[in-house]
1. Restricting to region 82-100, name every residue that is under 22 Å from the mean Cα position of the chain (by Cα) and either of a type in the set (A, V, I, L, M) or under 15 Å from Leu46 (Cβ atoms) (or both).
2. From the list Ser154, Ser135, Ser180, Ser160, which residue is in contact with a Pro (Cβ under 8 Å, 6 or more places away or on another chain), polar (S, T, N, Q) and crowded, with 17+ Cβ neighbours inside 10 Å?
3. Are there any pairs, at least 6 apart or on different chains, whose C-beta atoms fall under 6 Å, with the first in region 358-379 and over 12 Å from Cys296 (Cα atoms) and the second of a type in the set (A, V, I, L, M) and surrounded by fewer than 18 Cβ atoms within 10 Å (Cβ to Cβ), and if so, which?
4. For region 54-81, name all the residues that are in contact with a Ser or Thr (Cβ under 8 Å, 6 or more places away or on another chain) and farther than 19 Å from Gly17 by Cβ.
5. Output the residue which, of all residues in region 294-347 that are closer than 27 Å to Pro8 by Cβ and of a type in the set (Lys, Arg), is modelled with the lowest pLDDT.
6. With respect to Asp325, determine if the residue is touching a residue at least 24 places away in the same chain (Cβ under 8 Å), in contact with a Pro (Cβ under 6 Å, 6 or more places away or on another chain) and either more than 20 Å from Val243 (Cβ to Cβ) or buried (at least 17 other Cβ atoms within 10 Å of the Cβ) (or both).
7. How about region 273-379: which strands (runs of 3 or more DSSP E) wholly inside it have at least 1 residues that are in contact with a Phe, Trp or Tyr (Cβ under 9 Å, 6 or more places away or on another chain) and under 21 Å from Val215 (Cα atoms)?
Amino acid sequence: MYQRTLQPIIEKQLRKGKVIVIYGARQVGKTTLVRSILEKEPQGSLYLDCDLIRNREALQQQDEIKLKQFIGDASLLVLDEAQRVRDIGLVLKILHTYLPETQIIATGSSSFELANTISEPMTGRVMDYLLLPLSYEEILSQSNPIEIQSQLDSYLRFGSYPDIVSLSDTEKDLYLQKLSSNYLYKDILEYERIKKPEQLLKILQLLALQIGSEVSFSEIGTQLGLNTVTVQRYVELLKKTYVVFSLSAFSRNLRKEITKSTKIYFWDLGIRNALIQNHNPLMLRNDAGSLWENYCISERLKMCFHHQKNANYYFWRTYDQQEIDLIEEVKGQLNAFECKLNAKTKVNAPKVFLESYPGSHYTVVTQETASAFLLPSAR
């Protein structure tokens, strides 16, 4: 079992008067995480699986006396898959108000975000955390940089969901096919009225083929016979369900800079490759460079999310095709990163960028330098 970076961070927040909410897509390890926290407090803890009807019905009563009777003297209460409870935000508010000595941890898939049932009732009462597929740092806790580098081909092909690491390539392929279908649709279809879910799949497949490239929602709409607003809505749903994330163009109004453009990346490359049904080894692929770019950027963002690093992220490009894969802005400091799978390819920092933004830093991220880039000590 991998040590999740969030665990000690969450444990430090216990009993500070807040409900702790752990978000994340299905199968990223939320249940394993909370059970690991519970193991340290076997006395006075209560775990409730909200997939079970009896637990949902008991919690949905919204009667403080009955809820107190149901919870009993638990000092630590975990509501797993809490999005299954109707009006969960109101239920959490009642529990937090009438059981002030009980530390509540609620986990939920992206349905929490889609249903928007927590935000308003729990304003000011919640500490929330996002759990993503295994990060470089978490895998490193059970390995070393040399071993991870030797397994890089696998991570770029099959991703890093916790259950997938120990499977054979054939088993990984089957697992991802199943996960991608359930993972992509279940939450969205449960909370959004999508009449043609096949359109969602087609949008995802087009996005999967464009990682590392600027995405035109109007062009996707034209290809699929959809209007731009519909495409944008679907992409926002996919972002809320932690399938993809986006980077916008960085600009401080230099005339040559692209200002209104977007790139879309996948949180997990195994899901991305399952969508286009391509898990071939890197040596047989023409998208290896794009996979490396997606891997570096998604892993960097995972690290920053897990350690609550407050930063803004962009890509940078000019109209004459000078570009940088990732711009990280922290307290006004700009760190620029270019991701290159082939270390033999010499890359120089775009002169116009360094001149336009004095004091910024430029780093080329290769397989050999990835460890420094993907750990918390990195600039």
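1. Ala82
2. On the way: Ser154 fails: in contact with a Pro (Cβ under 8 Å, 6 or more places away or on another chain); Ser135 fails: in contact with a Pro (Cβ under 8 Å, 6 or more places away or on another chain); Ser180 fails: in contact with a Pro (Cβ under 8 Å, 6 or more places away or on another chain).
Result: Ser160 is the single residue among Ser154, Ser135, Ser180, Ser160 that is in contact with a Pro (Cβ under 8 Å, 6 or more places away or on another chain), polar (S, T, N, Q) and crowded, with 17+ Cβ neighbours inside 10 Å.
3. Within 6 Å, the pairs are Tyr362/Ala349; Glu368/Ala343; Ala378/Ala372.
4. Once the filter is applied, which keeps residues that are in contact with a Ser or Thr (Cβ under 8 Å, 6 or more places away or on another chain) and farther than 19 Å from Gly17 by Cβ, region 54-81 yields Asp80, Glu81.
5. Filtering region 294-347 for residues that are closer than 27 Å to Pro8 by Cβ and of a type in the set (Lys, Arg), the one modelled with the lowest pLDDT comes out as Lys309.
6. Considered against the rule, which asks whether it is touching a residue at least 24 places away in the same chain (Cβ under 8 Å), in contact with a Pro (Cβ under 6 Å, 6 or more places away or on another chain) and either more than 20 Å from Val243 (Cβ to Cβ) or buried (at least 17 other Cβ atoms within 10 Å of the Cβ) (or both), Asp325 comes out as no.
7. 312-317, 323-330, 333-339
The values are calculated or read from the model by the stated rules, or taken from the named source; none is laboratory data. Predicted model only: the values in this text are computed from it and were never measured. Backbone-built Cβ (ideal geometry, glycine too); neighbour counts: all protein chains shown.
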